[in-house]
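J.: Pasting a structure below so you can have a look.
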Amino acid sequence: MAQQPIWPGSGSAVSGSTPFGFYDDDSDFQTEAPQFATWCARRLGYPLMSVELQDVQFYACLEESISEYSAQVNQFNIVDNLLTLRGQPTGSNFTHKRVTNTFANTIKLSQEYGTEAKVGGNVDLKKGSISVTSGSQEYDLDALYANVSESGEAIEIKRVYYESTPAIQRYFDPYATTGYGTINLVQGFGFGDYSPAVSFTLMPIFEDLLRVQAIEMNDQIRKSAYSFTLTNNKLRIFPDPDKNRTLYFDYVVKSDRDDPLKTEMSGSANVVSDYSNVKYDNMQFTHINDVGKQWIRKYGLALTKELLGIIRSKYGTVPIPNADTTLDGDTLRSEASAEKEVLITQLREMLEQTSRKALLEADKDEAEFLQEKLQKVPYPIYIG
């Protein structure tokens, strides 16, 4: 027997009756769906008016309404949290979870600066060398080194130098046990006639570090025998080397530094990269609060009104004895469209008011107001 396309007044079993079955295992949805169908039918005029919808159509509208609510909230959460979530495993599900802002992206950015400042970073600072010969001033580092040691990869020179006696060896006198060495050591420290043992006990370690740095700075600025220019990895030394020696340089391979897919957590298909692969699933109806459920009911009613309008719009008029009657399909569809737009706008505005930026600004305003209020509180008068 064919089903009668008129709402009979009550719904049948829900599980397996929705198009996608998103909420077949959600007990709250199974309880809500028949109640929702009855409520919508009555809002559409039942039992005084016939409602040309079946129970499964009400259930489909409820499923779509929950999915729309979930999509709106999840879209907002993705945008609000994307900076924090980028680089996280795509297998991590963030639905119904609080995402805490971290310094991960700030640290990664500081690592890029660290590479350029030679104080850290995640790009290898490599060391190379070439042999310079007496009487020759110009050297092509690409031809002499990069094309051989880095397979033609472009390199960027960070520092050029030749080895000198380490500052630490000139700081600690190997002959300190002798009388002459002890005098040199004490005078080198600027300790006068004090015992070096006592002085070491009293002086903080940063004094040692500062003195080593001073020796290295002195070597670079006042005692270096050579200077150079470096243009497009073409090295020119001044003056002509007086003898054959080895020249060292620190460098980075440009592709290691500049390729964004070679940095940490990049170039992998298994990490969050953009809006499209952040894992936010459909929210379970059970976990949505009553405020959200009320929005879902209203949006679901608009969907059922829209569906009923589509059905009634199949025929613009219906003949009756001695006249024609006009159906209200277009009116229902127009009303449904306006109601949906209002509900979506209200939800988005509410979500914007709860964004991370908005909450921080509200917290700032509250703190400033409290500070201003406390300034007006009179100080207590002390009576001894």
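The values are calculated or read from the model by the stated rules, or taken from the named source; none is laboratory data. Please read these numbers as outputs of a predicted model, since none were measured by experiment. No Cβ is skipped: glycine too gets one built from the backbone with ideal geometry, and neighbour counts run over all protein chains shown.
J.: Could you list, in sequence order, all residues of region 17-48 that are over 18 Å from Tyr299 (Cβ atoms), in contact with a Gly (Cβ under 8 Å, 6 or more places away or on another chain) and of a type outside the set (Asp, Glu)?
T.: Taking region 17-48 and keeping what is over 18 Å from Tyr299 (Cβ atoms), we get 17, 21, 24-25, 27, 30-31, 34, 45-48.
Narrowing the set further to residues that are in contact with a Gly (Cβ under 8 Å, 6 or more places away or on another chain) leaves 24, 34, 46-47.
Hits for region 17-48 are Pro34, Tyr46, Pro47.
J.: Looking at Val51, Val14, Val79, which one is of a type in the set (A, V, I, L, M, F, W, C), loosely packed, with under 15 Cβ neighbours inside 10 Å and either farther than 17 Å from Ile296 by Cβ or within 42 Å of the chain's Cα centre (by Cα) (or both)?
T.: Details: Val51 fails: loosely packed, with under 15 Cβ neighbours inside 10 Å; Val14 fails: loosely packed, with under 15 Cβ neighbours inside 10 Å.
Residue meeting the stated conditions: Val79.
J.: Still on this structure: Output yes when any residue across region 122-145 is farther than 17 Å from Leu247 by Cα, free of Cβ contacts under 8 Å to residues at least 60 places away in the same chain and not in a strand (DSSP E or B), and no when none is.
T.: no
J.: State yes or no: is Ala37 in contact with an Asp or Glu (Cβ under 9 Å, 6 or more places away or on another chain) and farther than 20 Å from Arg312 by Cβ? So that I can check it myself, show each step before the final result.
T.: Working: in contact with an Asp or Glu (Cβ under 9 Å, 6 or more places away or on another chain): yes; farther than 20 Å from Arg312 by Cβ: no.
It is false that Ala37 is in contact with an Asp or Glu (Cβ under 9 Å, 6 or more places away or on another chain) and farther than 20 Å from Arg312 by Cβ.
J.: Which one is farthest from Pro260 (Cα to Cα), of the residues in region 93-119 that are at pLDDT below 90 and among the polar types (S, T, N, Q)?
T.: The residue in question is Thr100.
J.: Only one of Phe103, Phe58, Phe29 is surrounded by fewer than 21 Cβ atoms within 10 Å (Cβ to Cβ), aromatic (Phe, Trp, Tyr) and either without any contact (Cβ under 8 Å) to a residue 12 or more places away in the chain or in contact with a helix residue (DSSP H, G or I) (Cβ under 7 Å, 6 or more places away or on another chain) (or both); which?
T.: Working: Phe58 fails: surrounded by fewer than 21 Cβ atoms within 10 Å (Cβ to Cβ); Phe29 fails: surrounded by fewer than 21 Cβ atoms within 10 Å (Cβ to Cβ).
After ruling out the rest, the residue left standing is Phe103.
J.: Out of all the residues in region 281-291, which are part of a helix (DSSP H, G or I) and within 19 Å of Lys340 (Cβ to Cβ)? Break it down stepwise before answering.
T.: Filtering region 281-291 down to residues part of a helix (DSSP H, G or I) leaves 285-287, 290-291.
The answer is Val291, and nothing else.
Listed here are the residues, each with its yes/no results for (1) surrounded by fewer than 12 Cβ atoms within 10 Å (Cβ to Cβ); (2) hydrophobic (A, V, I, L, M, F, W, C); (3) modelled with pLDDT of 85 or more.
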residue	(1), (2), (3)
Gln220	yes, no, no
Ser227	yes, no, no
Leu235	no, yes, yes
Thr263	no, no, no
Lys279	no, no, yes
Asn289	yes, no, yes
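J.: Can you find even one residue in region 27-35 that is over 22 Å from Gly309 (Cβ atoms) and at pLDDT below 90? Spell out how you get there, then give the answer.
T.: Applying the first criterion (over 22 Å from Gly309 (Cβ atoms)) to region 27-35 yields 27-32, 34-35.
Next, only the ones that are at pLDDT below 90 stay: none.
No: region 27-35 contains no residue that is over 22 Å from Gly309 (Cβ atoms) and at pLDDT below 90.
Residue-by-condition table, conditions (1) assigned to a helix (DSSP H, G or I); (2) at pLDDT below 95:
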position: Lys293; (1), (2): yes, no
position: Tyr299; (1), (2): yes, no
position: Leu303; (1), (2): yes, no
position: Pro319; (1), (2): no, yes
position: Lys364; (1), (2): yes, yes
position: Val377; (1), (2): no, yes
position: Ile383; (1), (2): no, yes
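J.: Looking at region 326-362, which of its residues are among the small types (Gly, Ala, Ser) and part of a helix (DSSP H, G or I)?
T.: To start, the set of residues in region 326-362 that are among the small types (Gly, Ala, Ser) comprises 329, 334, 336-338, 355, 358, 362.
If the condition is that a residue be among the small types (Gly, Ala, Ser) and part of a helix (DSSP H, G or I), then Gly329, Ser334, Ala336, Ser337, Ala338, Ala358, Ala362 are the ones that fit.
J.: While we're here: Step by step: first the residues of region 321-334, then only those that are of a type in the set (A, V, I, L, M) and either at pLDDT below 85 or surrounded by fewer than 14 Cβ atoms within 10 Å (Cβ to Cβ) (or both), then the one that is nearest to the chain's Cα centre (by Cα). Which residue is that? Give the derivation first.
T.: Going residue by residue through region 321-334, those that are of a type in the set (A, V, I, L, M) are 323, 327, 332.
From what's left, either at pLDDT below 85 or surrounded by fewer than 14 Cβ atoms within 10 Å (Cβ to Cβ) (or both): 323, 327.
Details: Ala323: 66, Leu327: 53 Å.
The residue in question is Leu327.
J.: What number of residues within region 62-72 are among the hydrophobic types (A, V, I, L, M, F, W, C) and crowded, with 20+ Cβ neighbours inside 10 Å?
T.: Restricting attention to region 62-72, the residues satisfying the condition of being among the hydrophobic types (A, V, I, L, M, F, W, C) are 62, 66, 71.
Within this subset, residues satisfying the condition of being crowded, with 20+ Cβ neighbours inside 10 Å are 62, 66.
The total comes to 2.
J.: Give me the pairs: first residue in region 338-357 and closer than 16 Å to Ser70 by Cα, second residue among the hydrophobic types (A, V, I, L, M, F, W, C), beta-carbon distance under 7 Å, and six or more apart or on different chains, which are they?
T.: Close Cβ pairs (under 7 Å, with a partner that is among the hydrophobic types (A, V, I, L, M, F, W, C)) amount to Lys340/Ala302; Leu343/Trp295; Leu343/Ala302; Leu347/Trp295; Leu351/Val73; Leu351/Phe76; Glu352/Ala358.
J.: Taking the criterion of being closer than 15 Å to Asn232 by Cβ and among the polar types (S, T, N, Q), would at least one residue in region 131-147 satisfy it?
T.: Yes, region 131-147 contains a residue that is closer than 15 Å to Asn232 by Cβ and among the polar types (S, T, N, Q).
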